[in-house]
Amino acid sequence: MRKIVTISETPAVLKNAADWFHEKWNIPLSAYLDSMNESSREKAVPQWYIMTDGGAIIGGLGVIENDFHDRPDLAPNVCAVYVEENFRCRGIAGELLDFVCRDMKSRGVDTLYLLTDHTSFYERYGWEFFCTALGDGEDVPSRIYVHRQV
């Protein structure tokens with residue numbers, strides 16, 4: 001059975017989730033651990049989410065202030081969106097994105113941004129192209145999408 005878990009509300013999964021994100025994105029494990037430890041119910045950002053199926057992590061994403069780009073005014077950012085390859089094309093990314101948007105709205109955050117190289121994926125889930133931005137250490141701009149909850 002699939003279920004979405006908010007790391008700040010389920011600290012027992014923190015280490016496993018940090019390991020999983022580190023494996024997927026090759027960002028230092030300590031960065032994930034620090035960010036996940038910083039999240040709490042009283043603070044809207046950062047937040048981290050995973051989807052599990054039978055206890056195994058099959059997808060996840062986070063919300064951080066800035067996803068390593070040159071537009072710090074566009075915050076907070078959904079980051080590290082990933083679904084295991086054998087679970088893709090089943091709506092899991094959409095479920096995670098919908099969940100995070102609703103959860104962040106409940107925490108008082110109604111506008112989220114997302115940096116990506118994808119050109120049509122996020123539109124399926126109500127995100128709109130907003131502008132381009134340069135990622136840290138990159139020469140080619142990436143796309144920034146926005147999602148507003150009303």
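The single condition among (1) within 25 Å of residue 135 (Cβ to Cβ); (2) in contact (Cβ under 8 Å) with a residue 12 or more places away in the chain; (3) surrounded by fewer than 17 Cβ atoms within 10 Å (Cβ to Cβ); (4) among the charged types (D, E, K, R) that residue 9 does not satisfy is (1). Do we find that residue 50 is hydrophobic (A, V, I, L, M, F, W, C), out of contact with any Gly (no Cβ under 7 Å at 6 or more places or on another chain) and either modelled with pLDDT of 95 or more or under 17 Å from residue 82 (Cβ atoms) (or both) in this structure? Answer is no for this residue. Inside region 34-67, residues that are surrounded by 14 or more Cβ atoms within 10 Å (Cβ to Cβ) and assigned to a loop (DSSP other than H, G, I, E, B) make up a count of 6. Taken over region 75-98, the residue count meeting the criterion of being within 15 Å of the chain's Cα centre (by Cα) and assigned to a loop (DSSP other than H, G, I, E, B) is 3. Checked against (1) more than 16 Å from the chain's Cα centre (by Cα); (2) under 20 Å from residue 50 (Cβ atoms); (3) at pLDDT 95 or above; (4) not polar (S, T, N, Q), residue 133 passes all but a single condition, namely (2).
Here residue 105 does not qualify as basic (Lys, Arg), at pLDDT 95 or above, assigned to a strand (DSSP E or B) and out of contact with any Phe, Trp or Tyr (no Cβ under 7 Å at 6 or more places or on another chain). Do we find a residue being among the β-branched types (Val, Ile, Thr), at pLDDT 95 or above and surrounded by fewer than 15 Cβ atoms within 10 Å (Cβ to Cβ) anywhere in region 112-129? No, that holds for no residue.
The values are calculated or read from the model by the stated rules, or taken from the named source; none is laboratory data. Here the structure is a predicted model, which means the values were calculated and not measured. In this analysis, Cβ positions are derived from the backbone assuming ideal geometry, glycine residues included, and neighbour counts consider all displayed protein chains.
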